[in-house]
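Below is one structure, written out as structure tokens, with a few remarks after it.
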Amino acid sequence: MTVEDIRARLEQIVDPSLKKTLKETEGIKHIGIDDETKTLVLIVAMGTTGGDEERTLRREIAKAVKIDLKFSGLKLELEEFRVNTSIAKLPINFVGIISGKGGVGKSSVAANLAYRLKQKGKKVALIDADIYGSSIPSIMETGPVTLYLNDDKKIIPYSKDGIQIISTEFFTEGNKPVIWRGALLNQMMNHFFYDVNWDRNLEYVIIDFPPGTGDVALDVKNIIPQAKMILVTTPHPSASHVAIKAGLASQQFNHEIIGVVENMSYYINPSTQKKEFIFGEGGGQMVTAALDTELLAQIPIGQPKYRLGLYEIDEPIGKIYSDLADYVILSFEKE
């Protein structure tokens, strides 16, 4: 019996969630045969997993495999179409920006890294997953945003400076606080990755995580286990101590930490042109030593000349972010 014979039989089965055959939906994604155990290995996409519809489809597939096709065993993996066709399945470089606590400039690092990658000609998206402290829209100066759906009922991401953006703030009313837990957070993360009409040619997706560890980090780990992380801290020992905890948690999720960014490292006194270490020194080095990683950048306290939160290449801090973007590109090209 050939793979074509097996496919022809399975394609007659109806996906009960879509009321179409697996041939019509092109739902059979993989067919494998274990000759030693006479087991058929299948990956099948369906409209909606869970409940009676999934049980019905599993039953029909098992009947066809064991009775009609005469296999002894079946290994079946069912996926939703939105998962199977999401950007998480594409060869995209995912970079998470994380921190131990809020107020260290994590979102500024995320936005400026995305901006500099775009200025280097990369196709970039920015996901604001900082549910409770969303600030990407402000930094990117999006203004009020109304999102629309395409013909396939997918959310069209907002575009600014050539960067596709999705933020929690786009789904809330005004300045109302977000008070979500568990299932609601998971649902929002699923929307961001599965229900948005992202450019299929994206090269980099920068994800601004909430500070600390929690549900969002777990959800994103399940969606994109291959993400690499940049940990943001300030030089103050208390911030660095909390950053180490966040870094260790990220390593437990098997996310690679490619380095640390020490933000607000120093202030250049305009009168003396000397560095003044307002928040102390050594925090970044302390974090890198604890996590066995590299200190990628020390970003001084400053204010952009032209934009609210984004630095241009002719600004000293813009040059630092440009070097950081080069490092990120190189870290993926090494693979």
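The values are calculated or read from the model by the stated rules, or taken from the named source; none is laboratory data. In this text, all values refer to a predicted model and were calculated from it rather than measured experimentally. A quick note on method: Cβ atoms are made from the backbone with ideal geometry, for glycine too, and the neighbour counts reach across all protein chains shown.
Values as computed for the structure displayed
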item	result
Single match in Ile317, Ile301 (criterion: modelled with pLDDT of 95 or more and either outside any helix (DSSP H, G or I) or hydroxyl-bearing (Ser, Thr, Tyr) (or both))	Ile301
Candidates Tyr266, Tyr327, filtered to the one that is within 21 Å of the chain's Cα centre (by Cα) and touching a residue at least 12 places away in the same chain (Cβ under 8 Å)	Tyr327
Any chance Asp68 is without any contact (Cβ under 8 Å) to a residue 60 or more places away in the chain and surrounded by fewer than 21 Cβ atoms within 10 Å (Cβ to Cβ)	yes
Enumeration of residues in segment 91-140 that are crowded, with 21+ Cβ neighbours inside 10 Å, among the hydroxyl-bearing types (Ser, Thr, Tyr) and in contact with a strand residue (DSSP E or B) (Cβ under 6 Å, 6 or more places away or on another chain)	Ser99, Ser107
Matching residues, segment 10-30, being surrounded by 16 or more Cβ atoms within 10 Å (Cβ to Cβ) and in contact with a helix residue (DSSP H, G or I) (Cβ under 7 Å, 6 or more places away or on another chain)	Leu10, Ile13, Asp15, Pro16, Ser17, Leu18, Leu22, Ile28
Among the candidates Glu281, Glu312, Glu262, residue that is of a type outside the set (Gly, Ala, Ser) and outside any loop (DSSP other than H, G, I, E, B)	Glu262
Number of the exception - Phe71 against (1) part of a loop (DSSP other than H, G, I, E, B); (2) assigned by TED's automatic domain parsing to the domain that holds Val232; (3) in contact with a strand residue (DSSP E or B) (Cβ under 7 Å, 6 or more places away or on another chain)	(2)
Single residue of segment 1-15 satisfying the filter (in a loop (DSSP other than H, G, I, E, B) and in contact with a strand residue (DSSP E or B) (Cβ under 8 Å, 6 or more places away or on another chain)) that is farthest from Phe81 (Cα to Cα)	Gln12
From the options Pro91, Pro144, residue that is closer than 13 Å to Glu203 by Cα, at pLDDT below 95 and assigned by TED's automatic domain parsing to the domain that holds Tyr321	Pro91
Subset of segment 265-310 [over 20 Å from Asp323 (Cα atoms) and among the small types (Gly, Ala, Ser)]	Ser271, Gly280, Gly282, Gly283, Ala289, Ala290
Test for Tyr311: is it touching a residue at least 60 places away in the same chain (Cβ under 8 Å), closer than 20 Å to Ala110 by Cβ and in contact with a Leu (Cβ under 9 Å, 6 or more places away or on another chain)	no
Leu113 vs. criteria more than 22 Å from Asn222 (Cβ to Cβ), part of a strand (DSSP E or B) and in contact (Cβ under 8 Å) with a residue 24 or more places away in the chain	no
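Listed here are the residues, each with its yes/no results for (1) assigned by TED's automatic domain parsing to the domain that holds Gln187; (2) surrounded by fewer than 24 Cβ atoms within 10 Å (Cβ to Cβ); (3) at pLDDT below 85.
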residue: Phe209; (1), (2), (3): yes, no, no
residue: Leu218; (1), (2), (3): yes, yes, yes
residue: Asn222; (1), (2), (3): yes, yes, yes
residue: Pro225; (1), (2), (3): yes, yes, yes
residue: His241; (1), (2), (3): yes, yes, no
residue: Leu248; (1), (2), (3): yes, yes, no
